[in-house]
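See structure below.
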Amino acid sequence: MKFKPIQQVSVYLDIEGSEKKLGTLAWSGKERRSYFEYSAEFLAAPLLVSPFHMMAATGLIAAPRDPFDGIHGLFNDSLPDGWGRLLLDRRLQRAGIDYTQLTPIDRLSAVGGTGMGALTYVPDLLDDQKQPTNADLDWFADQVELVQSEMDVADIDSLQGAQGGSAGSRPKIMIGFNKALNTCVLDYGQPLDPGFERWMVKAPSSDDPREIGVEEKAYALMAVAAGLEMADTGLFDTRKGRRLFATKRFDRTPAGRLHMHTAGGLLNASHREASLNYEQLHKLTHMMTRDAAEVLKMFRNMVFNVHAKNRDDHAKNHAFLMDGNGRWSLAPAYDLTFSSGPGGEHSAAIAGEGRAPGMSHLLAVSRGASISDYDAKDVIEQVRTAVARWPQFAEKVGLSKSRTAELDNFLNAAGSDTSRALRSE
């Protein structure tokens, strides 16, 4: 592995098969922050790639030092955190490189052309050796366990190369999946043969419940029944008896890549603290899409998170997609599982309430977003009905009876905080 610290990268926007240079991103070691300048090519026909803090105009755009360690929110969305950051650090450490000295620009060069969304970075971190493409999901899960137990024998290079710049603490790998042939290959961003689609597979982290893959698939079924828009999902059974959750990537289409921007990146809001509430997220959805139907989707996502006790609803778990014509839409819902949240509360408060939001809180948000009471109550009832069917979805995917009952007690028992709040109004 070769790695040379760099001071600047060229940023490209590769969207739906059309690529143009977005601009140049440079690092000031003295100021410990980055500066960006749009290219003349992009300014000749600009798109609103980050409409609040990086308007398309001539001149340098300085990044705030906080909350993203001196990098713009637009580019911070390309950086892996949690698992992806750990892999890069381990990989560099193994090569004798002090990863603590890396700047965000260095880390973007490691992402290169393999990150989420449509932004790519040049120069990228190239390897002398060709990466393997055969995808054995047991190999993936075995390697994850080796990394988490800090064993030096783990194949860090292959894991890091195929993790695709994904965020979050759960170990992930990108694959090309052919449903008809029921086969997959590792996805390093290379062209895929006809019949293959780009998917993401998750393995359990050391802190996850034993059946987290099955649990997340049951949640996906419940979310779809509640009317949420989600990418296709699957449960991959391996030869060693593992059951891994997988989802089709919504930032990739047959036409090419889509530009993806999280709420946190758009508003320079950290996902490591309660930086956004649902009133702000509904307003953001309106400003980005100018579409009442998209705002109603955000409301449905919020109602589901409340009823399904998904309190890990921070600023990075809400995102928007832009197509080649510059049109924005709310991204499909993702990372939906049971979560007790920070201190037992939602990361994003609902009308000021994080622990036990009730009907009055949900309707306060809907009214502030100009959603009629009729539409809001209809969504709430659809979601409530779907969550009440939790045992059916759990049984369909084979979740253990003990875990099914444990979560049913949280979701539907009359004695839970949220259930009491929702039933009392």
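The values are calculated or read from the model by the stated rules, or taken from the named source; none is laboratory data. All of these numbers come straight from a predicted model, not from anything done at the bench. Don't worry about glycine lacking a Cβ; one is built from the backbone with ideal geometry, like all the others, and counts go over all protein chains shown. These area figures cover heavy atoms from the full protein model, side chains too; ligands, DNA and RNA do not enter into them. Shrake-Rupley method; radii C 1.70, N 1.55, O 1.52, S 1.80 Å.
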Quick one: pull the percent of accessible area on the chain belonging to carbon and sulfur, 1.4 Å probe, ligands and nucleic acids left out. 49 percent
Per residue accessible area in Å² of the range 269-412, where ligands, DNA and RNA are left out and the probe is 1.4 Å: 43 Å²
Name the long-range amide H neighbours of Arg33: under 5 Å, sequence gap of 5 or more, or other chain; modelled H, no Pro or chain starts. Ser28
Around Ser370: net Lys/Arg minus Asp/Glu count, Cβ-Cβ under 14 Å: -2
Going by amide H atoms built from the backbone, whose H comes under 5 Å of the H on Asp187, apart from near neighbours? Met174, Ile175, Gly176
Expressed in nm to one decimal, what extension gain is obtained for the pair Asn409 and Phe52 from 0.36 nm per residue of sequence separation less their Cα-Cα distance? 124.3 nm
Let me know the Kirkwood hydrodynamic radius for the chain, please, with Cα pairs as the basis and the value in Å to one decimal. 22.4 Å
Need the C-alpha centroid separation for the range 341-379 versus the range 273-328, integer Å. 13 Å
What would the Debye formula give as log10 I(q)/I(0) at q = 0.15, 0.25 Å⁻¹ for the alpha-carbon point model of the range 332-381, no solvent? -0.49, -1.02
Per-residue HN-Hα couplings for the range 254-266 [Karplus 6.51, -1.76, 1.60; θ = phi - 60°; Hz; x = Gly/Pro]: x, 7, x, 8, 10, 6, 10, 9, 7, 4, x, x, 4
Taking every alpha carbon pair in the range 137-252 and sorting the distances into 5 angstrom bins from 0 up to the bin holding the longest one, the percent per bin comes out as 2, 11, 20, 24, 21, 13, 6, 2, 0, 0
Additional length obtainable on full extension of the chain from Arg32 to Leu235, 0.36 nm per residue less Cα span: 68.7 nm
Kirkwood Rh (inverse of mean 1/r, distinct Cα pairs), the range 218-356, angstrom: 15.8 Å
What is the distance, in nm, between label points placed 7 Å from the Cα along the Cα-to-Cβ direction at Glu41 and at Ala388? 5.7 nm
Measure out, as a whole number of angstrom, how far apart the alpha-carbon centroids of the range 195-237 and the range 88-128 sit. 28 Å
Between their Cα atoms, which of Lys172/Lys377; Lys248/Lys309; Lys283/Lys396; Lys172/Lys309; Lys20/Lys179 are more than 30 Å away from each other? Lys172/Lys377; Lys283/Lys396; Lys20/Lys179
